[in-house]
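Working notes, beginning with the structure itself.
The values are calculated or read from the model by the stated rules, or taken from the named source; none is laboratory data. Given the structure is predicted, the values throughout are model-derived calculations rather than measurements. Here the Cβ is made from the backbone with ideal geometry for all residues, glycine too, and neighbour counts use every protein chain on show.
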Amino acid sequence: MTIGYEEINGCLHVDGVSLKKIAQDYGTPTYVYSAANIKSQYDAIAGAMKRAFPEDAKQPKLCYACKANSNVAILSYLRSLGAALEIVSEGELKRGLKAGFNANDIVSTGVGKTDSEITSCLKVGIHQFNIESIPELENINKIAGEIGIGATVVFRLNPSVSGGGHHKISTGRTRDKFGISEESLYEAYQMASDMEHVTPVGISMHIGSQVFTVESFKTAFEKLPAIVKNLRDSGHSVTRLDIGGGFPIVYKDEDLLDLDRYAEWVRDIILPLDVEIIMEPGRYLVGNAGVLLTRVAYVKETSTRDFLVIDAAMNDLIRPTLYEAYHGIEAVENRDAPKKTYDVVGPICETGDTFSTDRDLTQMARGDLAIIQSTGAYGYCMASNYNTRGLPAEIFVMDDKAHEIKPRQSVEDIINTDIVPDFLK
Ligand SMILES: Cc1ncc(COP(=O)(O)O)c(C=O)c1O
């Protein structure tokens, strides 16, 4: 079973706390995260890099891509483990600072950085901007000049490599909106060198999420030495390489990336370039740590199918609808009951509000609890208020104790921000 999760006396527990107790105390649907699982994932990446790198080499900066799960408690925990941070918005910058990250441990990416976001990042002194286009470079130079604070930048190279596990999460193909082609990179680097308020220091890349074709990493990395050489031959300084995230996790029965092999590629291809190495793991650090705890609202038996209608819906977890993503589903109790085939669906008025079709699960009844697994990444942070449903609660479990890190959103919280003009009252 997933690290952090175990069956005790017939009931699923997370880090020593019964999921039944969590449901009683905080209701459902609720996201629950295991601290032990997050720590073991962090240690796995950091450990693989340590094993591969010579003792005297500087270890990569592990910048947690907090778009995966940006609760400030999760950020604080990852900071306590030694992580730095990758952000994609001013909101994530604020969360990172609230979680106690040193600004110099924060890198900013994203194709549409706003003026306000750029200004805030400059004022607090982040480590670097990962630039995605020449207009963005020009804007950062302008803002840096206006406020009198220079910007350190790297250019996001679009390596023309298809890596992501689903076409909607592949980011490194020529047709994707991310990064700059190799040809434009040289021009951009020269432009930046000629600018007064930006200092170009290197290159970043991120080929996609859930990268199962692990050779894609190698293919992308192998493009870097020649590019770095070309830049240096043209008189430019290249002191940083940010090699992105994309480490896959298990949702079903996938073969995982061999982290030791990955670390050896970084050692063999990137380390000789004598640069600061930055990595941006997101999903890998938190994905398997989380479950969405839910209760069966109804069992609906029809002539052709049996539906488990649960109280979680696509507004709580959009991944199955958005990416046709598979998530394991398990009963919390009565785990030895006979199997039955169900379609597991939420209550929202969309056929797409379906978590699984024809899934063999232990037989369940109205009121039973179940978990939707591997929902620690791109779960809560992608939730919405569709159908005027309040956002779920979030619970962080560590050392046999559950901590509420986000209360359930009430319906009043949603409705009370609507403004009815006087003439309609
Ligand atoms: C620039 C960048 N870095 C890192 C990540 C994190 O990816 P993952 O969660 O697959 O590790 C993303 C995901 O979209 C990204 O766009």
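The single condition from (1) among the hydroxyl-bearing types (Ser, Thr, Tyr); (2) surrounded by fewer than 20 Cβ atoms within 10 Å (Cβ to Cβ); (3) touching an Asp or Glu at 6+ places or on another chain (Cβ under 7 Å) that Tyr380 fails is (2).
Name the residues in region 225-246 that are within 16 Å of the ligand (Cβ to nearest atom) and either at pLDDT 95 or above or at positive phi (or both), would you? Write out each step before concluding.
First pass over region 225-246, keeping only residues within 16 Å of the ligand (Cβ to nearest atom): 240-246.
Those that are within 16 Å of the ligand (Cβ to nearest atom) and either at pLDDT 95 or above or at positive phi (or both): Arg240, Leu241, Asp242, Ile243, Gly244, Gly246.
Could you grab me the full set of residues in region 249-294 that are more than 12 Å from the ligand (Cβ to nearest atom), at pLDDT below 95 and touching a Pro at 6+ places or on another chain (Cβ under 7 Å)? Selection gives Glu254, Leu256. Going through (1) surrounded by fewer than 17 Cβ atoms within 10 Å (Cβ to Cβ); (2) out of contact with any Phe, Trp or Tyr (no Cβ under 7 Å at 6 or more places or on another chain) one by one, Glu254 falls short only on (2). Checking each residue of region 289-298 against the condition of being crowded, with 19+ Cβ neighbours inside 10 Å, farther than 30 Å from Met191 by Cα, touching a helix residue (DSSP H, G or I) at 6+ places or on another chain (Cβ under 8 Å) and hydroxyl-bearing (Ser, Thr, Tyr) gives no match. Kindly indicate whether Val309 is touching a residue at least 40 places away in the same chain (Cβ under 8 Å), more than 23 Å from the chain's Cα centre (by Cα) and either assigned by TED's automatic domain parsing to the domain that holds Asn71 or closer than 25 Å to His13 by Cα (or both). Against the criterion (touching a residue at least 40 places away in the same chain (Cβ under 8 Å), more than 23 Å from the chain's Cα centre (by Cα) and either assigned by TED's automatic domain parsing to the domain that holds Asn71 or closer than 25 Å to His13 by Cα (or both)), Val309 does not qualify. Reported count of residues in region 188-219, each being over 17 Å from Thr152 (Cα atoms) and more than 16 Å from the ligand (Cβ to nearest atom), is 3.
On the given criteria, is Glu92 within 15 Å of the chain's Cα centre (by Cα) and either surrounded by 17 or more Cβ atoms within 10 Å (Cβ to Cβ) or more than 12 Å from the ligand (Cβ to nearest atom) (or both)? Break it down stepwise before answering.
Details: within 15 Å of the chain's Cα centre (by Cα): yes; either surrounded by 17 or more Cβ atoms within 10 Å (Cβ to Cβ) or more than 12 Å from the ligand (Cβ to nearest atom) (or both): yes.
Yes, satisfied.
Taking region 306-353 as the range and being surrounded by fewer than 23 Cβ atoms within 10 Å (Cβ to Cβ), in contact with a Lys or Arg (Cβ under 6 Å, 6 or more places away or on another chain) and in a loop (DSSP other than H, G, I, E, B) as the test, the residues that pass are Asp311, Ala325, Tyr326. Within region 235-247, the set of residues being surrounded by 20 or more Cβ atoms within 10 Å (Cβ to Cβ) and assigned to a loop (DSSP other than H, G, I, E, B) comprises Val238, Ile243, Gly244, Gly245, Gly246, Phe247. Here is a list: Ile118, Ile74, Ile3, Ile45. Which entry is closer than 22 Å to Ile207 by Cβ and in contact with a helix residue (DSSP H, G or I) (Cβ under 8 Å, 6 or more places away or on another chain)? One residue alone meets the criteria, Ile45.
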